[in-house]
Each structure stands twice: as structure tokens, then as C-alpha cells.
1. Of the GluC sites (Glu not before Pro) in region 104-192, which ones lie in a loop per DSSP and count no more than 15 other C-beta atoms within 10 Å?
2. Counting other Cβ atoms within 10 Å, which trypsin sites (Lys or Arg not before Pro) in region 109-188 have at most 13 and lie in a DSSP loop?
3. Pick out, in residue order, every one of the trypsin sites (Lys or Arg not before Pro) in region 38-129 that is DSSP loop and has at most 10 other C-beta atoms within 10 Å; say none if there are none.
4. Please compute the Kirkwood hydrodynamic radius over region 59-103, one decimal place, Å, based on all pairs of different Cα atoms.
5. About the Cα centre of region 53-127, what is the dipole size in debye to 20, counting +1 per Lys and Arg Cβ and -1 per Asp and Glu Cβ, all else neutral?
6. Give me the one-decimal nm value for the distance between modelled label points at THR155 and TYR20, 7 Å along each residue's Cα-to-Cβ direction.
7. For region 41-144, state the average projected area of the convex hull of the C-alpha atoms over all orientations, rounded to one decimal in nm².
8. Which aspartates and glutamates, if any, have their Cα less than 14 Å from the Cα of LYS98, not counting same-chain residues under 8 positions apart?
Amino acid sequence: MNLGGLATLCALLTACPRPYTPPPPPITLNFTFPATTPVSTLKLAALAFGDVGKAPAQVGSAYMYAGPGATTISQESLFMDQYALDQALKGACLSPFKGGETAGMKDVIVTPETAQTCNVYFVLFNDLNRNGQPEDTEELYQTHSIYSYASEAFTYSFTSADGNSVESGVRRKGWSLVAHEVRQPSATPGKYVVTMNSVPAADERLPIRLHEPTNRLISQGLGGVK
């Protein structure tokens, strides 16, 4: 083939449409919560916070409806779009873990200290004003478990400002479900041990229990992933 023919072939190949690459499937998480009347404004949302003063980005949401004849609903699945998660990372959501999530705590140890995180929080609320955002007066149930992105694998520990709670955790690189657990050892009344660890990928489909708002350093809901 001469140079002219080669140039023509290259131009034709460049002009050809690229093979279609389907988008990655959404991340599916399952939730349980106390039996609730399935009104049309009942909504489950996954929220990523970015710039201060701006509404959180919803990376997944669902208005919930019970089946025919049902008077209550107590479980729902939530689908999070990978594109929406990627967009959250490009915003102000990704920030240093140390000094961010550890603000106000004592005896902070983060290894490595350069780790950054972006957290997605879950809330079930009654969207009375239909603006799609949970207001304080609309929130029904929450969980202290989160879906979190870590720029690198890291470990951490800290003590609460009042000295009553010690929290530690292990996060793996990338996105993972981070389960919240609290123990109150009988040998140390009034003291709490909190863990926030990335669960194995195979366990991310286990039900996550939503509960009434609580102080995450001393309490959790019962049953499932908290």
C-alpha cells in the first residue's frame, strides 16, 4: 500500500464509530427499617456532601410504594449510579480524612496520613415539600454505616472529645460499604468501642438497618449492618 492509501485508511478508521461500551451496573444496597406507612412522599436517599452551603448530591434515591393491599413497608433496595458517584468524587466530596472526619477528636492516628475519603450517607425521610432533599423535620430513619471511597487503603483510631468512646477502622482503596458497630464492654461501664470497617464485597448485599437518629459514638440500631 502506498503512503496515500495508508493515509486514507487511517482517516477512515478514525472516522469509524468506537465499539459501544455499556455503563457499569448500578451498585445495589438493601435496607430494612421499622414498619412505615407507605405514603407517596416516603423517600430513601443516598447523599454525598460537597461544597459547604450547597445541597448534597443524590447518588441514588427511590420513592417507595408497598404492594397491593399492604399497609406498611419495612424494606427497600437502593440503586446508586456509578456515574453519579464519579461526579461526586470530582466535586468537593473528596477530602483529607485526617482533620476532616477526625475533627474535634483526640489521640488521632491515621496511617497513611495522606488518605482522602468521600462518604455517601443514607436517610429515609418524608419528602413533604417535594424538593427531593431531606429537611431536619422530615427525617425518619438513618444509619451510621456509609458507602465510602478511599484514595488509598488506610487504618485509623481516635478517642472522642469526652474520652468515653474509642473508634477505629480499616478502609480499603476505592468504594466500599463501611459498617458501623458499637460495643459497650461490661468491664468499662459508660465506655464505648466503635468500629468502622470496610466489609467484604460479598457482604455488601446484606441488609443495612435504618433506625431513629442516634449518637454514632455511643449507639446503633439492632440487627443487620448498622
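The values are calculated or read from the model by the stated rules, or taken from the named source; none is laboratory data. Since this is a predicted model, take the numbers as computed values, not measurements. Methodologically, a virtual Cβ is constructed for each residue, glycine included, from the backbone with ideal geometry; neighbour enumeration extends over all protein chains shown. Areas reflect the complete protein model, heavy atoms only, side chains present, ligands, DNA and RNA absent. Shrake-Rupley method; radii C 1.70, N 1.55, O 1.52, S 1.80 Å.
1. Counting only loop positions with at most 15 other Cβ atoms within 10 Å, the GluC sites (Glu not before Pro) in region 104-192 are GLU113, GLU135, GLU152.
2. The qualifying sites are ARG130, LYS173.
3. Those that pass, being in a loop and sparsely packed, are LYS54.
4. 13.8 Å
5. Its charge dipole is roughly 160 debye.
6. 4.8 nm
7. Orientation-averaged projected area of the Cα hull: 8.6 nm².
8. Those aspartates and glutamates meeting the cut-off are ASP107, GLU113, GLU152, GLU167.
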